[in-house]
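Provided herewith is a single structure, encoded as structure tokens, for subsequent inquiry.
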Amino acid sequence: MSRTDSNPPPTDASTAAWLAILALSAAGAAVGARAAPRWLLAAALAATLFKGHLVVDHFMGLRRVRARWRALLGAWLLVLGLLIGLPLLWR
């Protein structure tokens, strides 16, 4: 099985992003498994949004596309984070 130019081998940056996603996922699961203070929940939400950014950049291939597409997905992550984070204000 040979690789083609359309399917390049993973880079060190992609590997680092994948490892960061794994570590942040484990930390988020640990926070979510027990009662946590509000600031820790907010940090877990921020980490989750950062994971979304890593996925968009490294694994969806949008790192080198027009700024409009990156802004659209960045705005989506922001709206999603606000909607999920709003209940933290009333906890």
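Taking Cα atoms, how many degrees apart are the long axis of helix 12-32 and the longest axis of the chain, rounded to 10 and kept between 0 and 90?
Helix 12-32 sits roughly 20 degrees off the main axis of the chain.
Given only helices, namely DSSP H runs of n ≥ 4 each adding -39500 (n - 2.57), what is the per-residue ellipticity at 222 nm of the chain, to the nearest 500 deg cm²/dmol?
Numbers: 3 runs with 61 residues, N = 91.
For the chain, the value works out to -23000 deg cm²/dmol.
Hey, another quick one. So what does log10 I(q)/I(0) come out to for the chain at q = 0.12, 0.16, 0.20 Å⁻¹, using the Debye formula with one equal point on every Cα and no solvent?
Here log10 of I(q) over I(0) equals -0.48, -0.76, -1.02.
On to the next question. Just Gly81, Gly28, Gly61 to compare: in a GNM of the chain, with alpha carbon springs under 10 Å, which one fluctuates most?
Greatest mean-square fluctuation among the candidates belongs to Gly61.
Rule-based calculations on the coordinates, nothing more; no lab input. Quick caveat: nothing in here was measured; it's all calculated off a predicted structure.
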